[in-house]
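Okay, so here's the structure we're looking at.
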Amino acid sequence: MAQINEIIHQPSRLKIMAALAALDYDEQADFSYLKKLLKLTDGNLGAHLLKLEQAGYIKIEKTFIDRKPRTFIRITGNGRDSLKEHIEALKKIISGK
Amino acid sequence: MDITKEDAQEAISVIEKTGKQTIKSVAAAYTSPILILWGLICFAAYLGTHFFMKWSWHIWIILSSAGAAGTFLICSFQSKHTPVKVDSSNKIWLKIFLFWVFMLAYIFTLLNIAHPVNGLQLNALIMTFVMFAYIVFGLWINTNYMIWLGLAVTICTIIGFYIVPHNYYSLWMSFTVGPLVTGTGILIRYIWK
C-alpha cells in the first residue's frame, strides 16, 4: 500500500525530486541549474541533496568539464519508485480512500 | 504523517508544475539559440532573395551552410555548458541529427516526384514540408511551442504563396518567418528560464 514519504514530502525536497524525475533515465541535472530552477541557496540545496542521497533517492557526481568543477545530480531507480509511491499516496488522500 | 486533502492537492500541483518547468527550461537551453540563429538566417536569405533574385540559390546554400555550421557549434558549446548532462554519448543530438537527415532525404524525394515549376513553388514546398516535420517532432516530444511555430510559419507561407504578389513573396517571408522563428527563440529563452 502506497505511503506518504516524509523525506520526499518536505517542500524543497519534493521540488528537487519532481525536477529530477522529469529528466530521462540517463540525464543528470547540474547543481547550479537546480539552484536557479528551484530558487534555493547553495547551502539549502546542498543540505536537501545530502538527505536525499543518504536515503538512496539520488546520486551526486562531482566532475570536471573544461577544468571547471561541476556537480551533477540524478534520481535513482529507487528514487523514482519512491516518488511514484508518494504520488499514489497523495492521490489516495485526495480521493478520500 | 498527517496530511490534509488540500496539502496533498498542493503537493501534486507542485510536482506537476516543477516537472513541466524543468522540461521547458532544458528545452530552452538547447533550442533557443538555434531558433534565434535560423530566424536570422531566414530573414537574411529571404531579404537577399528579394533584392538579388539571380543569386537566390547561392544565397540560400551559403546561408543554410552557415546555419548548419552554427548549429553544430552551438550544440558543441551547449554539450559542455548544458544544465543537463546525458550519460549516453550525444543521445539527444544524434536523435535531432537523424531527424534532420531523414527530413532532408524526404524533401529531396518529394521534390523529385513533384517537380516544382519555379523557385517560389520550390521554396513554399520546402518550407511547408519542413514545418510539417517540425510540428510532428513537436507532437512527438510534447513541446507546444514547436507546434505553434510550425503552424504559424506554414500559415505565413500559404499567405505568401496564394495572396501576396509573387514578386513580394520573399520580402513577405523575410519579415514574417524570420521574426517568428527568432522571436520564438527569444521567448523560450527568457520566459521559460
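What to note about this one:
- Counting, for every residue in B:26-32, the Cβ atoms of other protein chains within 10 Å of its Cβ and taking the mean gives 1.
- Sorted peptide list for B:64-70, A:12-18, criterion being average Cβ within 10 angstrom, highest first: A:12-18, B:64-70
- Solvent-free Debye calculation, one equal scatterer per alpha-carbon of segment B:106-167: log10 I(q)/I(0) at 0.27 Å⁻¹ equals -1.06.
- Note, ³J(HN,Hα) from phi for segment A:27-34, Karplus 6.51, -1.76, 1.60, rounded to Hz, x at Gly and Pro: 9, 10, 8, 6, 4, 5, 5, 4
- With the Kirkwood sum run over all distinct C-alpha pairs, segment B:13-191 has a hydrodynamic radius of 17.3 Å.
- Residues whose amide H comes within less than 5 Å of that of residue A:65, counting only those at least five positions distant or on another chain, are A:70 (H built at 1.01 Å from N in the peptide plane).
- Taking every alpha-carbon pair under 8 Å whose residues sit at least 6 apart, segment B:92-169 reaches a relative contact order of 26 percent.
- The rule of thumb for compact globular proteins, 2.2 N^0.38 Å, goes into the C-alpha radius of gyration of the protein assembly as shown 1.23 times.
- Ordering of B:30-41, B:119-130 by burial proxy (mean other Cβ atoms within 10 Å per residue, highest first): B:30-41, B:119-130
- 5 angstrom amide H check on residue A:58, placed H, neighbours 5+ away: A:53, A:76
- Karplus-derived 3J(HN,Hα) values for segment B:71-77, using 6.51 cos²θ - 1.76 cosθ + 1.60 with θ = phi - 60°, are 4, 4, 5, 4, 5, 5, 5 Hz; glycine and proline are entered as x.
- Contact order normalised by residue count of segment B:1-85, Cα under 8 Å, 6+ apart, percent: 35
- ³J(HN,Hα) computed for each position of segment B:125-130 - Karplus, 6.51 cos²θ - 1.76 cosθ + 1.60, integer Hz, glycine/proline x: 5, 4, 4, 5, 5, 4
Coordinate-derived values only; no laboratory data. Just so it is clear, the structure is predicted and the values come from calculations on it, not from any experiment. We place every Cβ from the backbone using ideal geometry, glycine too, and count neighbours over all the protein chains shown.
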